[in-house]
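Inspection log for the structure reproduced underneath, given as structure tokens.
The values are calculated or read from the model by the stated rules, or taken from the named source; none is laboratory data. Source: prediction; values computed, not measured. Don't worry about glycine lacking a Cβ; one is built from the backbone with ideal geometry, like all the others, and counts go over all protein chains shown. These accessible areas exclude ligands, DNA and RNA; they are computed on the full protein's heavy atoms, side chains included. Shrake-Rupley method; radii C 1.70, N 1.55, O 1.52, S 1.80 Å.
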Amino acid sequence: MADVQVEGLVKAYGAMRALDEVTMHCPDGKFFGLLGPSGSGKTTLLRAIAGFVIPDKGQVSIGLERVEDVPVEAREIGMVFQNYALFPNMTVAENVAFGLQVRKVSAPDTAKRVAEALELVQLGPLGARKPHQLSGGQRQRVAMARAIVTRPRVLLLDEPLSALDKSLRVDMQIELKRIQREVGITTIFVTHDQEEALTLSDQIGILKEGRLIRHGAPRDVYNHPGDAFTARFLGEANLFSGEPEAGGLRLPDGTLIVGVPPGTSTIAVRPESMTLSTAEPDQPNRIVATLRQRIFAGAMATCVLDWRGETVKVIARDLELEDTPEAADVWLSWPQDKTIVLAG
Ligand SMILES: Nc1ncnc2c1ncn2[C@@H]1O[C@H](COP(=O)(O)OP(=O)(O)OP(=O)(O)O)[C@@H](O)[C@H]1O
Ligand SMILES: [Mg+2]
């Protein structure tokens, strides 16, 4: 096992930098979730760590070893690609055994390790099947078994769950976390799905246009996103901008937001941090907005409101809202420690 360290990594395609000075660290045995919009460089970063992409500049280390000059097959990495492809004419067991045969592992050892890997992904009895006789989730697990059977130091997973429907996806998330814990393998995982990243990861990183703009523990990044892009990308956020004043932030409707550092001009408030009320709240941080829509979702309702032409979302208990008509003006308030201060 080993940690992964990337420093100042640059990869340009023509004038466009797919990776622009990326520095990241995934500690030994941890799960690093990499998030970012399409085209932000996620796959390129994984491929550079694996050795399929040769960076123009920067360093990649696995354990204490610099690997820029180490070929793919010697880096001891297991990878599940974005569109993982199993060999259709081989059985499940043959698919998993492939990497061991390439490495000239003896037949008895191969059989033993394939059986162990299939056991780990809970596909023990299905070794003789062909991929087309499996469900999507089972095929996914074969791809995982194939990646871990060679006992890699690092596991790189590029949106391995994107082909699955929601319920299977959630099952596989739990499964993936179990396998990762059991094997204790350093894992870097790419996903579009922020919820998936938040639940699975020990550390997350946000890529935007080839730059790693934020990384840290999921809770820290969620609570302290730093900028508007990260705040909106990781969960929902209501953004408010105004003029900094001595006492706080003056919003265009005249509200003074207190408890923010001097010079603050933009803040965000999460929908779940806001309280909606028809009576005037005693919180100093509150605004008046017009209720446009409420979307019933069991005990909680998502409310869409209008504040000076901008949409504000609030998650509220449905009970509190029963008598509130749409188009009514209501108070939205939040505790001072729920104000997220943003740069710029
Ligand atoms: N071989 C290549 N030649 C030229 N441009 C490339 C190449 N590979 C990637 N790119 C470009 O680099 C950028 C980053 O691509 P990358 O595949 O890393 O994005 P991604 O974050 O994985 O996106 P997605 O979420 O859609 O998979 C994109 O603009 C892409 O078009
Ligand atoms: Mg990709």
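Pairs are defined by a Cβ separation below 6 Å, a sequence spacing of at least 6 or placement on different chains, a first member in the stretch 38-51 that is over 16 Å from PRO152 (Cα atoms), and a second member that is more than 9 Å from ligand 2 (Cβ to nearest atom) and open to solvent by 20 Å² or more (accessible area, probe 1.4 Å); the pairs so defined are SER40/LYS208; THR44/LYS11; ALA48/PRO55. Take GLU320 and tell me if it is within 28 Å of LEU200 (Cα to Cα), among the charged types (D, E, K, R), touching a residue at least 12 places away in the same chain (Cβ under 8 Å) and in a helix (DSSP H, G or I). Here the answer is no, as GLU320 does not meet what is asked. May I ask you to say which residue of GLN101, GLN82 is open to solvent by 70 Å² or more (accessible area, probe 1.4 Å) and without any contact (Cβ under 8 Å) to a residue 12 or more places away in the chain? After ruling out the rest, the residue left standing is GLN101. Entry remark, the stretch 277-289: residues being under 18 Å from LEU239 (Cβ atoms) and not in a loop (DSSP other than H, G, I, E, B) number 4 in total. Residues that are buried (at least 22 other Cβ atoms within 10 Å of the Cβ) and within 25 Å of ARG219 (Cβ to Cβ) were ranked within the stretch 18-27; the one that is farthest from ligand 1 (Cβ to nearest atom) is CYS26. All of ALA217, ALA197 fail the test of being closer than 16 Å to LYS30 by Cα and open to solvent by 30 Å² or more (accessible area, probe 1.4 Å), apart from ALA217. In the stretch 50-71, of all residues being hydrophobic (A, V, I, L, M, F, W, C) and modelled with pLDDT of 90 or more, the one that is farthest from VAL102 (Cα to Cα) corresponds to VAL60. Taking the conditions (1) surrounded by 17 or more Cβ atoms within 10 Å (Cβ to Cβ); (2) near ligand 1 (Cβ under 9 Å from one of its atoms); (3) under 22 Å from THR230 (Cα atoms) in turn, LYS11 satisfies each one other than (3).
Here is the figure for the stretch 155-203: residues that are at positive phi and within 16 Å of ligand 1 (Cβ to nearest atom) total 1. Reported count of residues in the stretch 28-50, each being within 15 Å of ligand 1 (Cβ to nearest atom), open to solvent by 10 Å² or more (accessible area, probe 1.4 Å) and in a loop (DSSP other than H, G, I, E, B), is 3. Across the stretch 252-296, the qualifying residues are those that are more than 22 Å from SER241 (Cα to Cα) and in contact (Cβ under 8 Å) with a residue 12 or more places away in the chain, and the one among them that is surrounded by the fewest Cβ atoms within 10 Å (Cβ to Cβ) is ALA279.
A count restricted to the stretch 67-79 and to residues that are surrounded by 12 or more Cβ atoms within 10 Å (Cβ to Cβ) and more than 16 Å from ligand 2 (Cβ to nearest atom) stands at 9. Exactly one residue among ARG270, ARG211 is farther than 22 Å from THR23 by Cβ and under 20 Å from the mean Cα position of the chain (by Cα), and that residue is ARG270.
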